[in-house]
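To start, the structure under review is shown below, and the notes come after it.
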Amino acid sequence: MSQKVRTALITGASAGIGQAFAEHLAQQGYALLLVARREERLKELAAELKQKYAIRCDVFAADLNDPKAPAAIISYAEKQGIEIDVLINNAGLSGKTAFAETPWEQLSAEIQLMITSVTELCHRVLPNMKKNGWGRIINLSSLAAFSPPGASLLYTGIKHYVLDISQSLDMELKPFGIHVTALCPGFTHTEFHDVMGTRDAANKLPAILWQNAEDVVKEGWHAVMKGNPVCVPGVVNKVLASTIRPMPVKLQYYLGKNMNPFAH
Ligand SMILES: NC(=O)c1ccc[n+]([C@@H]2O[C@H](COP(=O)([O-])OP(=O)(O)OC[C@H]3O[C@@H](n4cnc5c(N)ncnc54)[C@H](OP(=O)(O)O)[C@@H]3O)[C@@H](O)[C@H]2O)c1
């Protein structure tokens, strides 16, 4: 009997880490449902992956700042007869301007994109995963979740939330065959700093701090398949994470205040 082809829903697949996840999973024969705002990019990627790996690859253009987007994505999948077996909650960005100077609508959109929609998509894919007794979820956190506070406005706190909730979900869902991993990359070559407007400051950081998206994805995928709830990819990031975490709170505050390369 032929094995069922599993399908991965990847948000933020039009660039960077999400695009690298699409390539990595397509290579392994997964069918894909790609989501982001830039539909043309998604369509180009889908055409390329279908041609290269002979997989099914659907695209759904959605703005995850919109509270209706997660439900719309899942409803689209259901209408297409697609069962989501793998969820890569990857779409994200970082605001840069000072909290008090940033319009509430922008802050609220960041929370919607990286907290509410991440949590809602996890919730909405679970019934199917539980029914099948198999599921894999990767939520993109960041090394920022291990960093001193204040590294970047809401971003550090948001990524802390993603790190924590992923571990809680993993504890709850492992008995049902569902693994959840918080993937916590450090500086990764993507469009992230172009979008944030911090490319010049980012380019000044030493090369040793940087990883390629493909390496982050390989380690993250290996971690979720193995059942590791937290993955900090790369040796340098692992050292940084394990050094910062045990520091006294006062020292972390000092470092956050005085050593932030992206301070506004
Ligand atoms: N790069 C790093 O150094 C780094 C480090 C740690 C963690 N991360 C995390 O990794 C994840 C991916 O970032 P990346 O580095 O790959 O950045 P990227 O190259 O800028 O890609 C971000 C992706 O998110 C999508 N996205 C952004 N806002 C969206 C919205 N409102 N609705 C739907 N999709 C949206 C973008 O697509 P559209 O613009 O087409 O919508 C794009 O596909 C993020 O969660 C980020 O926080 C990145």
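The values are calculated or read from the model by the stated rules, or taken from the named source; none is laboratory data. Every value quoted in this text rests on a predicted model; they were computed, and no experiment measured them. Using ideal geometry, Cβ is built from the backbone for each residue, glycine included, and neighbour counts are taken over all protein chains shown.
Worth pointing out:
- Meets criteria (more than 30 Å from A202 (Cβ to Cβ) and within 13 Å of the ligand (Cβ to nearest atom)) for A109: no
- Residue that is surrounded by the most Cβ atoms within 10 Å (Cβ to Cβ) [pool: residues in segment 88-101 that are more than 30 Å from L25 (Cβ to Cβ) and touching a helix residue (DSSP H, G or I) at 6+ places or on another chain (Cβ under 9 Å)]: K96
- V224 being within 12 Å of the ligand (Cβ to nearest atom), within 20 Å of N90 (Cα to Cα) and part of a helix (DSSP H, G or I): no
- For beta carbons closer than 9 Å, sequence separation of 6+ or different chains, a first residue in segment 225-244 that is under 29 Å from A8 (Cα atoms) and a second that is in a helix (DSSP H, G or I) and of a type in the set (K, R), the qualifying pairs are G227/K174; P229/K174; V232/K238; P233/K218.
- Picking from residues in segment 177-224 that are surrounded by fewer than 17 Cβ atoms within 10 Å (Cβ to Cβ) and without any contact (Cβ under 8 Å) to a residue 12 or more places away in the chain, the one that is nearest to Y30 (Cα to Cα) is H222.
- Considering segment 64-75, the residues that are surrounded by fewer than 16 Cβ atoms within 10 Å (Cβ to Cβ) and not aliphatic (A, V, I, L, M) include one that is farthest from I115 (Cα to Cα), namely S75.
- In the set (1) without any contact (Cβ under 8 Å) to a residue 40 or more places away in the chain; (2) within 12 Å of the ligand (Cβ to nearest atom); (3) surrounded by fewer than 24 Cβ atoms within 10 Å (Cβ to Cβ); (4) among the aliphatic types (A, V, I, L, M), the condition left unmet by L34 is number (3).
- Listed by position, the helices (runs of 4 or more DSSP H) inside segment 152-203 whose residues that are within 12 Å of the chain's Cα centre (by Cα), within 17 Å of A91 (Cα to Cα) and at pLDDT 95 or above number at least 2 are 155-173.
- The set of residues in segment 105-160 being among the hydroxyl-bearing types (S, T, Y) and surrounded by 18 or more Cβ atoms within 10 Å (Cβ to Cβ) consists of S117, S141, S142, S147, S152, Y155, T156.
- A count restricted to segment 222-245 and to residues that are touching a helix residue (DSSP H, G or I) at 6+ places or on another chain (Cβ under 6 Å) and closer than 12 Å to C184 by Cα stands at 6.
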